[in-house]
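What follows is one structure encoded as structure tokens, with my remarks underneath.
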Amino acid sequence: MTPTQLSSPPLYPRAVALITWLGVLLGFACLYLALRTVDFDLDAMTDPLNQLRRASLEKADLIEGAMLCDIFGFYLLMIPATLYLWHWLRERNPFVMAVATVCMLLYILTGALGGGILSVLWPSLIRDHVQAARTRRGCRSSPSSSSWSPSWSTPACGGGWSTCWWASGAPVSAR
């Protein structure tokens with residue numbers, strides 16, 4: 001071997017390092033987009049109802065982007081580093097490294113599946129919530145008021161008066 005071959009690191013570890021750093025950047029992008037959806041209020045991050053109260057169509061798009069960054073940044077781009085560490089450390093203790101690698105790959109798979117499910121369901125839930133709030137504003141009166149009219153059965157109110165009444169929070173506010 002020539003001295004230049006010994007002094008320069010192989011291409012695979014460099015590629016793994018580059019991919020891992022890309023994952024770190026996408027992880028930070030995920031956190032930034034998620035914080036933007038709650039207007040940088042850290043308490044709102046753990047309260048789904050508060051997130052729905054702040055819902056808008058723009059925030060649904062931000063959540064979708066955050067979940068996609070989550071899938072790639074925190075999970076899928078960690079596969080090369082996991083396999084590289086397994087290959088590098090397996091000779092020291094093959095059984096422990098095999099178990100650790102399988103556990104890490106299962107963690108990555110589970111996290112990516114969860115992020116994929118959330119990237120579809122969470123934005124659609126927010127969009128549905130925004131649409132329901134717009135529909136609810138179109139309803140004229142509540143069934144408990146004395147001026148109840150048959151207009152509650154119009155499609156703009158969700159197909160029936162009970163839908164708007166339950167969606168408006170009337171059962172909760174009646175307590």
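The values are calculated or read from the model by the stated rules, or taken from the named source; none is laboratory data. The structure displayed is predicted, hence computed values, not measured ones. In this analysis, Cβ positions are derived from the backbone assuming ideal geometry, glycine residues included, and neighbour counts consider all displayed protein chains.
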Inset, instruction - Would you point out the residue of the stretch 88-134, among those that are basic (Lys, Arg) and part of a helix (DSSP H, G or I), that is farthest from the chain's Cα centre (by Cα)? - result: Arg134
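So, in the stretch 102-124, of the ones that are of a type in the set (S, T, N, Q) and modelled with pLDDT under 95, which residue ends up surrounded by the most Cβ atoms within 10 Å (Cβ to Cβ)?
The first filter runs over the stretch 102-124 and keeps only residues of a type in the set (S, T, N, Q), leaving 110, 119, 124.
Adding the requirement that they be modelled with pLDDT under 95 leaves 119, 124.
Details: Ser119: 19, Ser124: 12.
Top of the filtered list is Ser119.
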Legend entry - Where a residue in the stretch 28-45 is farther than 26 Å from Leu77 by Cα and its partner, wherever it lies, is assigned to a helix (DSSP H, G or I) and modelled with pLDDT of 85 or more, with Cβ under 8 Å and at least six apart: Leu42/Leu35
Legend entry - Residue pairs meeting the criteria (Cβ under 9 Å; at least 6 apart or on separate chains; first surrounded by 17 or more Cβ atoms within 10 Å (Cβ to Cβ), in the stretch 53-82; second of a type in the set (A, V, I, L, M) and outside any helix (DSSP H, G or I)): Lys59/Val38
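Kindly indicate whether Arg92 is more than 20 Å from Tyr32 (Cα to Cα), surrounded by fewer than 17 Cβ atoms within 10 Å (Cβ to Cβ), at pLDDT below 80 and of a type in the set (D, E, K, R). Working first, answer last.
On the way: more than 20 Å from Tyr32 (Cα to Cα): yes; surrounded by fewer than 17 Cβ atoms within 10 Å (Cβ to Cβ): yes; at pLDDT below 80: no; of a type in the set (D, E, K, R): yes.
So Arg92 does not fit the description; no.
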